[in-house]
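Shown next, in structure tokens, is the structure this report addresses.
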Amino acid sequence: MMEIGIARSLAVDLRELHANAQNMQDGDLTDILLKTLRRRLEVVADREWYARDAAGHLLALQEVSAELTSLSADAVQLNDPTLQHYLEKQSYVKAVAHLEARLEEVP
């Protein structure tokens with residue numbers, strides 16, 4: 001039951017991030033997208049959570065995936081074809097690596 005509370009809290013946090021992302025500069029959108037991608041990878045990797053509470057785990061995965069889909073649409077404004085490709089193909093590990101490399105390039 002506690003895991004469902006965590007999933008709902010995650011959903012609220014992600015909705016707030018997305019609402020803010022629509023009015024942000026490219027760097028801020030990149031940060032939000034990177035945080036959301038990392039969160040999705042964390043949820044997928046959390047096999048203990050899945051073993052304890054499969055329904056809560058699935059709910060969290062659905063929420064973060066929906067938010068990522070929405071943010072992916074916003075990411076078009078970043079004008080980064082490589083990132084768009086990774087997001088469209090759901091190559092999220094590659095997308096994280098790509099965004100981290102972009103952030104290292106910024107002075």
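The values are calculated or read from the model by the stated rules, or taken from the named source; none is laboratory data. All figures in this text were calculated on a predicted structure; none of them were measured in a lab. Glycine also receives a Cβ, built like all others from the backbone with ideal geometry; neighbour counts cover every protein chain displayed.
Annotations
- Search result, residues across segment 80-107 that are under 15 Å from the mean Cα position of the chain (by Cα) and not in a helix (DSSP H, G or I): K89, Q90, S91
- Cβ-Cβ under 8 Å pairs, at least 6 apart or on other chains, segment 54-67 side assigned to a helix (DSSP H, G or I), far side surrounded by 22 or more Cβ atoms within 10 Å (Cβ to Cβ) and polar (S, T, N, Q): V64/T36; E67/T36
- Residue check for A54: modelled with pLDDT under 95, out of contact with any helix residue (DSSP H, G or I) (no Cβ under 9 Å at 6 or more places or on another chain) and either on the phi > 0 side of the Ramachandran plot or not basic (K, R) (or both): no
- Taken as a whole, the structure places V93 among residues that are under 13 Å from L34 (Cα atoms), among the aliphatic types (A, V, I, L, M) and out of contact with any Lys or Arg (no Cβ under 8 Å at 6 or more places or on another chain).
- Subset of segment 35-48 (residues that are within 18 Å of Y92 (Cβ to Cβ) and assigned to a helix (DSSP H, G or I)): K35, T36, L37, R38, R39, R40, L41, E42, V43, V44, A45, R47
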